[in-house]
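Each remark here refers to the structure printed beneath this line.
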Amino acid sequence: MADFSDIIDQQQMREHMQHALVTDKVSHAYIISGENGSGKEFIARVFAKALQCENRKDEGEYRESCNECPSCVKALSGNHPDIITITHEKPASIGVDDIRQQLRDDVIIKPYESRYKIYIIPEGEKMTPAAQNALLKTLEEPPSYIVIIILTNNLNAFLPTIISRCIVLPMKPVRDDSIVEYLMKECQVVDYKAALCASFARGNVGKALELASNERFEKLKNETIDLVSRLKNLEISEMMDRIHTILEPLEGEEKSSKKGIDPAQYEDFMDILIFLFRDMLVYKATGDVSHLIFTDKVSYISSVTKDCTYEGIGSIIKDMETAKKRISSNVNIDLALELMLMGIKEHL
Ligand SMILES: [Zn+2]
């Protein structure tokens, strides 16, 4: 179901929406901002369904929608005439015509059957300045029954005049233990894998779900750790061949500008390395496997840490940070990775 009790963490956002529902003080415009995959649209739809529900109930600590009235039934099936999602034909932008036709010319029509008319604008950062100005006209004189919920991954894309007329609700990173609990309970992910995915998702539930459900990450993890375990015996050219195979763009995805290397793969690759060396430090310091992230690689981690020093691992981690900085400032990615791998080879 999609109710307030199903939202993971986001206490502040829930409290704000609950306050609006209980006191009937609903703003005409909200911006929910957060990374892709953080669950913005889910929360917007929970709020919209509750706003329109004809028979809200107090369930536990929340005022929830009933999920049974005609309004809830339509909201749940995605066919509520007074919950409107703004769409756009051009993938990269929401133009002035999209906002005029679907929102500005539509707000003057009263709700068909509910108390509010709710407009949800996904990917709000794609609104062109002209589209934002068209939206602004409505925000300046909103009909009493409208609620606009803009979703975005980038608040900086908005005109200050838009932001000043909206209540901005930022998504917060979700706690790792909340993500682990969710993956185990709701998605039947086993405990060690749930912990691994939560560590990598950095508070983003959608990313954790994606990591838990796809084979790509598992494969990338195994290939990356395998590469590290063989570095000692590889020549530079062999290393780079392996890197290109590991990080090649995924099938069916657009080739990136960084030739031959997929940016999403690259980021996860670097994270895997950082967590691997972190595991080595933890194991070296404590000899305890219960705090490791890669619990399926214990035998490798325990054998490799016998031969390397704290200074060595520390210097590898520094090399990795340097490589990350170089790559983000557009130094040739191959060169940066090559220098980093040489550093790992030397100190491991
Ligand atoms: Zn209802």
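The values are calculated or read from the model by the stated rules, or taken from the named source; none is laboratory data. Since the model is a prediction, treat every value here as computed from it, not as a measurement. So basically every Cβ, Gly included, is an ideal-geometry build from the backbone, and we count neighbours across all protein chains shown. Surface areas here come from the heavy atoms of the whole protein model, side chains and all, with no ligands, DNA or RNA. Shrake-Rupley method; radii C 1.70, N 1.55, O 1.52, S 1.80 Å.
For this structure, a couple of remarks:
- Condition check for Ala194 on (1) closer than 18 Å to Asp268 by Cβ; (2) surrounded by fewer than 16 Cβ atoms within 10 Å (Cβ to Cβ): one failure, at (2).
- Matching option when the condition is in contact with a strand residue (DSSP E or B) (Cβ under 6 Å, 6 or more places away or on another chain) and at pLDDT 95 or above, among Asp82, Asp97: Asp82
- When residues of the stretch 67-121 are limited to those that are touching a residue at least 60 places away in the same chain (Cβ under 8 Å) and within 15 Å of the ligand (Cβ to nearest atom), the one most open to solvent (accessible area, probe 1.4 Å): Arg115
- Test: residue in the stretch 13-26 that is within 23 Å of the chain's Cα centre (by Cα), more than 13 Å from the ligand (Cβ to nearest atom) and buried (at least 20 other Cβ atoms within 10 Å of the Cβ): yes
- The lone exception for Asp176 - which of (1) open to solvent by 50 Å² or more (accessible area, probe 1.4 Å); (2) touching a strand residue (DSSP E or B) at 6+ places or on another chain (Cβ under 6 Å); (3) not small (Gly, Ala, Ser) it fails: (2)
- Restricting the stretch 44-66 to residues that are crowded, with 23+ Cβ neighbours inside 10 Å and part of a helix (DSSP H, G or I) leaves a set whose member that is farthest from the ligand (Cβ to nearest atom) is Ala44.
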